[in-house]
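Below is one structure, written out as structure tokens, with a few remarks after it.
The values are calculated or read from the model by the stated rules, or taken from the named source; none is laboratory data. This one's a predicted model, so the numbers in the text were calculated from it and none came from an experiment. Every residue, glycine as well, gets a Cβ built from its backbone with ideal geometry; the counts of neighbours run over all protein chains shown. Accessible surface areas use protein heavy atoms only, side chains included; no ligands, DNA or RNA. Shrake-Rupley method; radii C 1.70, N 1.55, O 1.52, S 1.80 Å.
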Amino acid sequence: MAQVILGEDEGIESALRRFKRKVINAGIFPDMRKNRHFETPIQKQKRKALAKQKRRRRFN
């Protein structure tokens, strides 16, 4: 869980920016998007196969 402690003279805008950065770096957004909708086993297999192909193309 991403957590930001607000400093004494820190504005809410800068704390919000720091929080957003921590959430992005922690990888919460991709996980959230992945779990947003139910994915059937066939859709999961297709997604993983496409990712595998992309990885192979990148390293070859």
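The table for this structure:
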{"item": "Qualifying positions in the stretch 28-41 - at pLDDT 85 or above and within 17 Å of residue 2 (Cα to Cα)", "result": "28"}
{"item": "Qualifying residue in the stretch 31-41 (condition: more than 20 Å from the chain's Cα centre (by Cα), exposed (fewer than 10 other Cβ atoms within 10 Å of the Cβ) and not in a helix (DSSP H, G or I))", "result": "yes"}
{"item": "Those residues of the stretch 7-30 which are open to solvent by 100 Å² or more (accessible area, probe 1.4 Å) and among the acidic types (Asp, Glu), in sequence order", "result": "8, 9, 13"}
